[in-house]
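Note sheet for the following structure.
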Amino acid sequence: MPDIQPDKAAVAQQIRHLQDTLYVVNGKWKLPILVAIHQGNSRFRDIQRSVQGITTKVLSTELKALEQNKLVVRRVYDTSPPTVEYTTSSYCDTLQTMILEMIAWGKNHHDRIREE
């Protein structure tokens with residue numbers, strides 16, 4: 001747990017920043033979608049196949065939210081039918097350390113629970 005400053009105003013500000021982060025990446029699907037796209041799954045169906053259990057509607061909604069938060073770039077190509085591809089933005093790269101730490105923590109947690 002990071003050091004939280006004892007000043008009440010500072011603690012309140014840290015909590016607001018944490019809530020801002022959770023607003024953007026919260027939920028069951030956003031981080032797995034980002035990882036799938038970052039790993040090269042750029043088409044809608046490819047993303048859906050790599051994120052097991054996600055529905056078409058939920059994937060569509062989550063991609064729109066990720067796009068609005070500047071983490072995903074949606075490109076539409078003038079083909080017939082139109083081709084749509086998703087890529088992670090350079091801004092999304094700022095989440096990489098956090099995501100890798102969460103993956104490592106999840107693995108360690110899983111291993112620890114299995115040991116007990």
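What's the center-to-center distance, using Cα atoms, between the range 9-50 and the range 66-115 in Å? The two parts, judged by their Cα centres, are 7 Å apart. Taking +1 at the Cβ of each Lys and Arg and -1 at the Cβ of each Asp and Glu, which of Val24, Ala36, Ser90 sits farthest along the dipole of the range 8-115 towards its positive end, judged by Cα position relative to the Cα centre? Result: Val24. Each of Ile47, Ile15 was scored by other Cβ atoms within 10 Å of its Cβ. Listed from fewest to most, they are Ile15, Ile47.
Which one, Leu66, Leu18, Leu34, has the greatest fluctuation when you compute a Gaussian network model over the chain with C-alpha springs under 10 angstrom? Residue with maximal mean-square fluctuation among Leu66, Leu18, Leu34: Leu18. For the range 1-79, the number of Lys pairs separated by eight or more positions or lying on different chains, with C-alpha atoms closer than 26 Å, is 7.
Every number here is computed from the coordinates shown, using simple stated rules; none is lab data. Please read these numbers as outputs of a predicted model, since none were measured by experiment. Ideal geometry is used to build each Cβ from the backbone, glycine not excepted, and the neighbour counts take in all protein chains shown.
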